[in-house]
Amino acid sequence: MSDIVLEIKDLTFGYTDKKLYKEFSLTLKRGELVAIVGASGVGKSTLFELISGTLKPEKGVIKRENIAWIFQDPYSSFHPSYTILHQILEVAKERNYKQYLERLDLTEENLNALPHELSGGQLQRCSILRALLMKADILLCDEPTSALDNIVQLDTMKLLVSLLENLSILLITHDESLARWAADRIIKIG
């Protein structure tokens, strides 16, 4: 796939008679950030499920390199009984997590906590850390900064954008100003 890390051709998918996608195509290249923008319920998260293989398209082809996912709801993406660090290291390809702690406003204490002991914003930043350490070719980011305050949101997005040399990002956001600031391209759905 050379510098193309994601290629979607003629994707068709829907529930019952409602088609969310009809002959939808998208190409994502290494180093590119593409924002998917649209109202709730138009199929933005469904697109990520199709890309990850959780859902199967009715028609069309999806070719992709390795993915990591940053979920909108970090509480559902961590097991309640294990420490954050344990869960991160379970899937991490890179062990040097300390290089990101300050930039994500996290501490060792945060990582040694159980998920319920952290705020939503702290847990979301842990989710971002886990995705970065997976060393994927593509980050699927579903509203990755919605649980963060404005300053931390900006710092976190600056970190993600600074890493584009080594990966690509597909970003779902309702925040069109964030999309305009960060994205190489914006795709409106719905």
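Bear in mind that the values in this text are calculations on the coordinates, not laboratory data. Predicted model only: the values in this text are computed from it and were never measured. We place every Cβ from the backbone using ideal geometry, glycine too, and count neighbours over all the protein chains shown.
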Problem set entry | In Å, descending, principal axis extents of the Cα set of the chain | 48, 34, 31
Exercise. Counting only residues 5 or more places away or on other chains, whose amide H sits under 5 Å from the amide H of Gly38 once H atoms are built in the peptide plane?
Worked result: Thr173, Ile189
Exercise. So what's the net charge close to Thr107: Lys and Arg +1, Asp and Glu -1, counting the other residues with Cβ under 12 Å from its Cβ?
Worked result: -2
Exercise. Over the range 4-188, what is the mean sequence separation of C-alpha contacts under 8 Å (at least six apart), divided by residue count, expressed as relative contact order in percent?
Worked result: 32
For this session: Label the range 116-174 by shape, choosing from rounded, prolate and oblate, from the square roots a ≥ b ≥ c of the eigenvalues of the Cα gyration tensor; if a/c is under 1.5 it is rounded, and otherwise prolate applies when a/b is larger than b/c, oblate when it is not.
Result: prolate
Seminar exercise, completed: Ser45 neighbourhood, Cβ < 10 Å, K/R = +1, D/E = -1, net charge -2
For this session: Give, to the nearest whole percent, the P(r) tail of the range 70-128 beyond 20 angstrom, counting all Cα pairs.
Result: 13
Seminar exercise, completed: Env charge @ Gly31, Cβ radius under 12 Å, K,R +1 / D,E -1, value -3
Exercise. For the chain, what is the calculated [θ] at 222 nm in deg cm²/dmol (nearest 500), taking -39500 (n - 2.57) for each run of four or more DSSP H residues and dividing by its residue count?
Worked result: -8500 deg cm²/dmol
Exercise. What residues have an amide H closer than 5 Å to that of Met134, excluding those fewer than 5 places away on the same chain, when H is modeled at 1.01 Å from N in the peptide plane?
Worked result: Lys93
Exercise. Relative to the longest principal axis of the chain, what angle (0 to 90°, nearest 10) does the C-alpha long axis of helix 120-133 take?
Worked result: 70
